[in-house]
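Report on the following structure.
The values are calculated or read from the model by the stated rules, or taken from the named source; none is laboratory data. Since we're looking at a predicted model, the values are computed, not measured. We place every Cβ from the backbone using ideal geometry, glycine too, and count neighbours over all the protein chains shown.
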Amino acid sequence: MSSDEPRWTPTPAGPGSLEALQAEVASLRAEVDRLRAAQRDRGADDFDRLLRARRNWRRPLGALLLALACALSPLAIFSVWLRAQVTDTNRYVQNVAPLSRNKDIDAAVAAKVANELFASVDVRAIAQQALPPQGQFLAGPLTSGLRTFTQQTAERVFESPQFNKLWKDANRVAHSQVVAIVKGKSGGIVTSKDGRVVLDLGALVARVQAELHANGVNLFDGLKVNSTFELLQSKDLARASDWVRYLEAAAVILPVGVIAAFVLAVALSDDRRRTLLRGGLGVAFAMVVMLALLYAGRAVFIDSVAGPDVPHAAAGAFFDTVVRFLRTGLRAGATAGLVVAAGVWVTSAHRTAVRLRTTCGRLLTGVAAHEDWEFGATGIWVAAHKRALRYAVAVVGALALVVLKHPGPKGVITVTVLLLLAVAVIEVVGRAVSPPPDGGTTQPQLFDSA
C-alpha cells in the first residue's frame with residue numbers, strides 16, 4: 001500500500017452509539033452503588049443512635065433503682081422487726097422479759113407498788129392511834145421507815161424467779177395495748193388513746209402483800225389494790241400509728257422490693273461490678289444513717305414518755321430493750337454492705353486487688369506444694385469446677401445469713417470468714433500441679449497473676 005492512499009481512523013462514538021450507551025449504564029450503576037452505600041451508612045448510623053437511645057434509658061433507671069434499694073433497705077429491716085418483734089405477742093413478751101432484771105425498772109415498779117399501798121392505807125393515822133400521846137412524834141419516822149421497808153420488800157420480790165413469770169404474764173396482757181398503739185385500734189378494755197401502755201400490777205401487789213405478811217406487817221392484808229404501772233405514754237407514738245401500721249403491713253413487700261430493685265439495677269448496669277460496689281456502700285451508709293436516727297430518737301423518746309411512773313433511767317432501759325434486735329439488724333445490714341463492697345473490690349481488676357489475690361494464691365499453693373499435698377482425681381475435678389464452687393459457697397453463705405436468727409455484725413463476719421476458708425480450701429485442693437510424666441494437662445490456676 002502506497003503512502004498516497006487514505007488511512008482509516010476510528011471516529012468518536014456518537015450519542016446514540018453502543019459504546020456511549022454502555023458508558024452511561026456503567027456510570028448509572030456506579031451512582032446507584034454509591035447511593036446504596038450512603039443509604040447503608042445512614043441506616044447504620046440510625047441503628048446506632050437507636051441502640052444508644054435504648055441504652056441511655058437504662059443508665060438513669062438503674063441508678064434510680066439502686067438509690068431506692070439503698071434508701072429503703074433500713075425501712076425493710078424496720079418493718080420486719082416491727083412485725084416479728086412488736087406485733088407478735090410471744091416474741092414481744094420474750095423481748096421485754098430482760099426488763100424484769102433491770103434495776104431501774106424494778107426500782108420504779110417497787111416505788112409504784114409502795115405508793116399505791118400507802119395511798120390505800122393511812123399508815124400515819126394508824127401509828128398515831130397506836131402510840132401514846134408522848135410518843136406521837138414517832139408516827140412520822142415509823143411511817144417513813146415502814147414505807148422504806150415496803151419498797152425494799154417489793155424489790156426483793158422482784159428479784160425472785162417468781163417475779164419473772166408475773167412480769168411476763170403482765171406484759172402479755174399489756175401487749176394488746178402495744179398492738180393498739182401500733183395499729184391505731186381502740187375499743188373495749190384496750191385503748192390506744194394518747195399512746196398509753198398500762199401494766200396491771202394486781203398480781204405483783206398481791207405477791208408483795210404476802211411477803212409483807214410473812215415478815216409481820218399485816219396492815220395491808222386483804223387490801224384490794226387495782227394498781228397500774230404506766231409503762232409507756234407518748235402522744236407522738238399515737239399520732240405516728242398510721243405510718244407504723246403501713247410499715248408493719250409492708251413487712252413482706254419492702255424486703256422483696258428492695259431485693260428486686262437491687263437485681264434489676266445490676267441487670268441494667270453496663271458495669272455490674274461498679275454497681276455492686278456502689279450498692280454495698282450505699283446500703284452500709286443507709287444503715288449507719290438509720291442507726292444515727294435511732295440513737296437521736298432515743299433521747300426524744302425518753303423525754304416524751306418519762307413521767308411519774310417511768311423515770312428517765314427506766315424509760316431508757318425500756319427503749320434499749322425493745323429496739324435491741326432492730327439495732328442488731330441494722331448493724332448486720334451495714335456490715336453485710338461493707339463485706340459486699342470489699343468482696344467486689346478484691347475481685348476487681350484494680351492493681352492492688354490483683355496483687356493481693358496473686359499473693360494470697362501463691363501463698364496457699366506454695367504451702368500446699370511445699371507440703372506435697374496431692375488430691376488426685378478430686379483435685380482435678382475441683383480445678384475444673386472452681387467457678388461453680390465459688391458461686392455455690394457464696395449462695396450457701398447468703399442462705400446462712402437468712403436462716404440465722406439475729407446474726408448481727410458478729411454473725412456476718414463469722415459467715416464471711418467461713419466463706420474465705422471455703423475458698424481457700426477450694427484453692428488448695430484445686431491448685432495447679434506440675435505436668436504428669438505422660439504429658440497430661442495441668443490444672444488451671446484459681447488466681448491469675450496477670
Review point. Among the candidates ASP169, ASP106, ASP88, which residue alone is crowded, with 20+ Cβ neighbours inside 10 Å and charged (D, E, K, R)?
Key: ASP106
Point to revise | Options LEU82, LEU117, LEU99: the member that is in a helix (DSSP H, G or I), of a type outside the set (Ser, Thr, Tyr) and over 19 Å from ALA203 (Cα atoms) | key: LEU82
Point to revise | SER2 vs. criteria at pLDDT below 60, outside the structural domain of VAL323 (by TED's automatic domain parsing) and among the hydroxyl-bearing types (Ser, Thr, Tyr) | key: yes
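Against the condition free of Cβ contacts under 8 Å to residues at least 24 places away in the same chain, part of a helix (DSSP H, G or I) and either touching a strand residue (DSSP E or B) at 6+ places or on another chain (Cβ under 8 Å) or of a type in the set (Phe, Trp, Tyr) (or both), how does PHE158 come out, does it pass? It would help to see each step written out before you state the result.
Details: free of Cβ contacts under 8 Å to residues at least 24 places away in the same chain: no; part of a helix (DSSP H, G or I): yes; either touching a strand residue (DSSP E or B) at 6+ places or on another chain (Cβ under 8 Å) or of a type in the set (Phe, Trp, Tyr) (or both): yes.
No; evaluated as a whole, the condition is false for this residue.
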Check your understanding: Residue check: is ASP303 farther than 18 Å from PRO74 by Cα, in contact with a Lys or Arg (Cβ under 9 Å, 6 or more places away or on another chain), charged (D, E, K, R) and not assigned by TED's automatic domain parsing to the domain that holds SER100?
Key -> no
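Every residue, every condition in (1) within 30 Å of ASP271 (Cα to Cα); (2) modelled with pLDDT of 75 or more, yes or no:
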residue	(1), (2)
ALA26	no, yes
ALA30	no, yes
ARG49	yes, no
ALA53	yes, no
ARG59	yes, yes
**Study point:** Residue in the range 131-139 that is surrounded by 13 or more Cβ atoms within 10 Å (Cβ to Cβ), modelled with pLDDT under 80 and in a loop (DSSP other than H, G, I, E, B) present
**Key:** yes
**Study point:** Selected residue (criterion: modelled with the highest pLDDT) from residues of the range 210-256 that are among the hydrophobic types (A, V, I, L, M, F, W, C) and part of a strand (DSSP E or B)
**Key:** PHE229
Review point. If you check THR143 against the conditions, is it assigned by TED's automatic domain parsing to the domain that holds LYS224, surrounded by fewer than 16 Cβ atoms within 10 Å (Cβ to Cβ), among the hydroxyl-bearing types (Ser, Thr, Tyr) and more than 30 Å from GLU248 (Cα to Cα)?
Key: no
Practice item. Look through ARG390, ARG355 and report the one residue that is free of Cβ contacts under 8 Å to residues at least 12 places away in the same chain and among the basic types (Lys, Arg). Key: ARG355
Review point. Among the candidates LEU364, LEU389, LEU338, LEU419, which residue alone is of a type outside the set (Gly, Ala, Ser), buried (at least 16 other Cβ atoms within 10 Å of the Cβ) and either modelled with pLDDT under 85 or not in a helix (DSSP H, G or I) (or both)?
Key: LEU364
Practice item. Check PHE285, PHE318 and return the single one that is under 29 Å from THR228 (Cβ atoms), in a helix (DSSP H, G or I) and in contact (Cβ under 8 Å) with a residue 60 or more places away in the chain. Key: PHE318
